Amino acid sequence: MSIAICPGSFDPMTLGHLNIVRRTSRIFERVVVLVMVNANKRSPMFTIDERVDMIKRIVSPFPNVSVETYDGLLAEYAKRYGEAVIVKGLRAGTDFENEFQMAQINKTINPGLETMFLTSSEKYTFLSSSVVRELAGYGADLSDFVPREIIDEVLAKAQGGKKNG
Ligand code: PNS
């Protein structure tokens with residue numbers, strides 16, 4: 001069975017992420033959305049458990065997509081699926097260096113592990129979780145940026161975060 005792992009910090013999942021997961025689910029028989037820690041991203045908006053819960057609701061219409069979490073190395077996690085391939089979205093300009101580096105490091109740790117990239121859809125090229133967090137802090141309309149299932153939660157979390165300082 002062909003298996004793709006779509007890893008990310010998903011804080012929160014955006015429509016750009018969902019677009020990549022949806023397209024990946026048409027290419028591979030099974031897709032695992034893997035919620036992970038990005039050591040470079042401090043002070044997350046959502047806990048890992050909250051992110052897993054939100055993504056499960058978002059991807060529930062896709063029968064071949066599941067959601068997992070792992071707090072170790074991606075290259076080690078992938079070993080449990082043998083032939084799994086990492087699939088990530090690549091946005092114009094911003095992602096290349098970082099993604100290239102991660103793919104090379106992952107392959108050094110786990111030589112059998114391939115990373116494939118899907119180019120982001122044009123309308124999501126400049127979308128990121130950090131932009132969503134910023135917009136949410138201003139109470140902006142998020143309907144063009146995050147899946148409708150989580151709009152209220154993202155706004156509530158941003159507003160709650162303000163109250164707490
Ligand atoms: O959505 P992000 O933040 O760009 O995803 C990056 C992520 C979480 C996939 C990356 O930081 C990662 O793989 N973290 C797990 C720990 C790991 O394997 N680190 C080595 C990266 S070379």
Would you mind checking which residues have amide H under 5 Å from residue 6's amide H? H placed 1.01 Å from N; only 5 or more apart, or other chain. 32, 33, 34, 87
Cβ-Cβ cut-off under 14 Å around residue 124, Lys and Arg +1, Asp and Glu -1: the net charge is +2
How big is D for the range 82-165, in µm² s⁻¹ as a whole number, if Stokes-Einstein is applied with the Kirkwood radius of its Cα pairs at 25 °C and 0.890 mPa s? 162
Over the range 20-65, what relative contact order in percent results from Cα pairs under 8 Å that are six or more residues apart? 53
Candidates 143, 128, 43; GNM for the chain (alpha-carbon contacts under 10 Å) flags as most fluctuating 43
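As a check on your grasp of the helix formula, calculate [θ] at 222 nm for the chain: sum -39500 (n - 2.57) over DSSP H runs of n ≥ 4, divide by the residue count, round to the nearest 500.
Details: 6 runs with 65 residues, N = 165.
Here the helix-only value at 222 nm equals -12000 deg cm²/dmol.
State the dimensionless ratio Rg/Rh of the chain (Rg: radius of gyration of Cα atoms; Rh: Kirkwood radius).
Values: Rg = 15.6 Å, Rh = 16.3 Å.
The Rg/Rh ratio comes out at 0.96.
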What is the local net charge at residue 58, summed over the other residues whose Cβ is closer than 12 Å to its Cβ (Lys, Arg +1; Asp, Glu -1)? +2
Proximal lysine pairs in the range 44-165, meaning Cα under 26 Å and 8 or more positions apart or interchain, come to 9
Nothing charged except the Cβ atoms of Lys and Arg (+1) and of Asp and Glu (-1): what's the magnitude of the dipole of the range 16-136 about its Cα centre? Round to the nearest 20 debye. 240
Report the Cα centroid-to-centroid distance between the range 17-71 and the range 86-165 in angstrom, as an integer. 11
Only Cα pairs within less than 10 Å get springs; with that Gaussian network setup on the chain, which residue of 123, 56, 88 has the largest fluctuation? 123
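None of the figures in this text is laboratory data; all of them are computed from the coordinates on show. This one's a predicted model, so the numbers in the text were calculated from it and none came from an experiment. Neighbour counts are summed over all protein chains in view; Cβ atoms, including those assigned to glycine, are modelled from backbone coordinates with ideal geometry.
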